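Data first, discussion second: the structure below is written as structure tokens.
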Amino acid sequence: MSTLPKSDDIQMAGPWVTEEDIAIVTNMLRNGWYGKDAYAYVEKFEREFAGWHNRKYGLMTPNCTTSIHLLLAGLGIKDDDEVIVPECTWIASVAPVVYQRAKPVFADIDPVHWCVTPDTVKKCITKKTKALIAVDLFGNMPEMDALQKICDDAGIYLIEDAAEALGSTYQNIRAGKFGVGSVFSFHRTKTITTGEGGILLLDDDKLFERCKFLRDHGRSPGTYYNTEVTFKYMPSNLQASLAYAQFKRIDELVERKRWIWKTFRSYLKDIPDLYLNPEPRNVYNGVWCPALVFGKSYGITKEQAMDRLGKLGLPVRPFFYPLTSLPAFPQYAADGPKNCPVAYDVSNRGINLPCAYTLSENQIAHYADGIRKILGG
Ligand SMILES: Cc1ncc(COP(=O)(O)O)c(C=O)c1O
């Protein structure tokens with residue numbers, strides 16, 4: 001195993017960068033600028049990352065938000081189309097729907113895996129629905145086979161937002177293989193990082209060509225001849241060199257993420273009515289970040305938990321807010337709690353625990369003691 005990063009202070013999230021990673025990035029800085037070398041790491045990383053996920057194509061982008069935007073644009077999602085999205089996710093899953101002037105329709109989540117469910121999705125389908133963006137929240141997996149069937153029956157696209165699910169599988173199929181396209185994030189806080197970064201994975205030849213064209217100012221490669229005004233969502237070779245280096249270590253990175261989650265689980269196992277990321281029989285959970293939902297018996301809200309743990313020197317973050325509760329989506333505020341009661345309830349009782357690679361067993365043990373204390377144990 002490579003040497004783990006350490007920090008005496010508790011860090012919420014952050015990467016594991018090794019000397020080997022630095023050597024690869026240094027090589028890019030020395031040699032990765034001219035001729036066929038200028039995009040060599042981008043091409044190598046796109047090919048290997050796509051292959052690992054059994055996808056035909058990968059298109060790296062400046063971040064995952066732009067990957068989602070590129071896919072929606074490539075699919076021709078536009079004004080007044082409806083796209084079903086989870087009520088509880090990071091806003092990045094939904095913002096690109098709004099960029100395309102389409103309408104997000106929020107589906108409720110499951111109380112156990114915290115992702116959308118076949119029933120909540122079905123309720124949202126109308127004649128205007130064009131796509132479902134299913135999010136693998138915190139590494140957890142929704143019932144992908146049932147969601148795919150619903151999308152096929154309704155003639156809509158399934159898009160998998162696997163930003164948080166690198167290394168997860170559902171029925172032995174890797175997260176990132178579901179739907180017409182999937183996306184990953186390589187943000188500073190994610191399982192593999194490039195500081196900022198993302199990738200779109202695809203299988204369809206035509207869709208790939210269209211998204212590739214949209215990614216670079218609507219021009220034929222190598223020309224200054226633009227046939228449409230499109231985006232500039234190109235990755236850099238520098239970013240890709242770190243992606244390539246980190247991805248070589250994917251097994252140890254996912255294993256360490258699982259170690260953090262398993263260690264929290266074992267230190268918290270004597271406390272009843274607490275719920276961490278689940279791992280049902282048909283799922284292998286890459287657990288980008290361990291989240292904790294307090295059972296109703298404690299009557300504790302996420303704000304109270306954050307406040308009390310903070311006072312013990314144990315920082316935590318809130319579970320994602322229901323998006324319709326945020327000022328960013330005022331037009332949805334009135335109906336949100338009625339349409340998505342589970343999301344409002346779970347989010348109200350949930351916190352994100354730290355997931356930095358610097359976390360030690362001792363630090364995790366302190367969290368378990370703190371949680372026991374704030375719950376009156
Ligand atoms: C579920 C989900 N989707 C999309 C994104 C967007 O990723 P990025 O920050 O790389 O744009 C994130 C990142 O935090 C995420 O958690």
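Structural remarks
- If R0 is taken as 45 Å, the Cβ-Cβ distance between TRP259 and THR126 corresponds to a FRET efficiency of 0.55.
- Net charge contributed by nearby residues that have their C-beta within less than 15 Å of ASP369 (K/R +1, D/E -1): +3
- In terms of accessible area, using a 1.4 Å probe and ignoring ligands and nucleic acids, LYS127, LYS44, LYS149, LYS36 rank largest first as LYS127, LYS36, LYS149, LYS44.
- All-pairs Cα distance distribution in the chain, expressed in whole percent, bin size 20 Å: 29, 57, 14, 0
- Across the chain: Cys residues that no other cysteine approaches within a C-beta distance under 4.7 Å: CYS64, CYS88, CYS115, CYS124, CYS151, CYS211, CYS340
- Global geometry of region 238-377, whether rounded, prolate or oblate, following the gyration tensor of its Cα atoms and the 1.5 cut on a/c: oblate
- Near-label residues of region 301-320 by backbone N, under 14 Å of a point 7 Å along Cα→Cβ of ASP273: 301
- Ranked order, ASP204, ASP8 - accessible area, probe 1.4 Å, largest first: ASP8, ASP204
- Sorting VAL17, VAL116 on solvent-accessible area from highest to lowest, probe radius 1.4 Å, gives VAL17, VAL116.
- Longest exposed-site-free window of the chain, the sites being chymotrypsin sites (Phe, Trp or Tyr not before Pro) in a DSSP loop that have at most 13 other C-beta atoms within 10 Å: 35-223
- Other residues within the sphere of radius under 14 Å centred on the Cβ of PRO337, judged by their own Cβ, net out at -3 (K and R +1, D and E -1).
- Simple spin-label estimate for ASP335 and GLN148 gives 3.1 nm between the two label positions (7 Å along the Cα-to-Cβ direction from each Cα).
- Fraction of beta bridges assigned by DSSP in the chain that are antiparallel (%, nearest 5): 60 percent
- Subset of LYS36/LYS248; LYS206/LYS262; LYS122/LYS373; LYS78/LYS302; LYS128/LYS190; LYS269/LYS311 violating a 32 Å alpha-carbon distance limit: LYS206/LYS262; LYS122/LYS373; LYS78/LYS302; LYS128/LYS190
- Three-way shape label, region 1-143, alpha-carbon gyration tensor, a/c 1.5: oblate
The values are calculated or read from the model by the stated rules, or taken from the named source; none is laboratory data. Computed from a prediction, not measured in an experiment: that's the story for all the values here. Positions of Cβ are backbone-derived with ideal geometry, glycine not excepted, and every protein chain shown enters the neighbour counts. Keep in mind that these areas ignore ligands, DNA and RNA; they rest on the heavy atoms of the full protein, side chains included. Shrake-Rupley method; radii C 1.70, N 1.55, O 1.52, S 1.80 Å.
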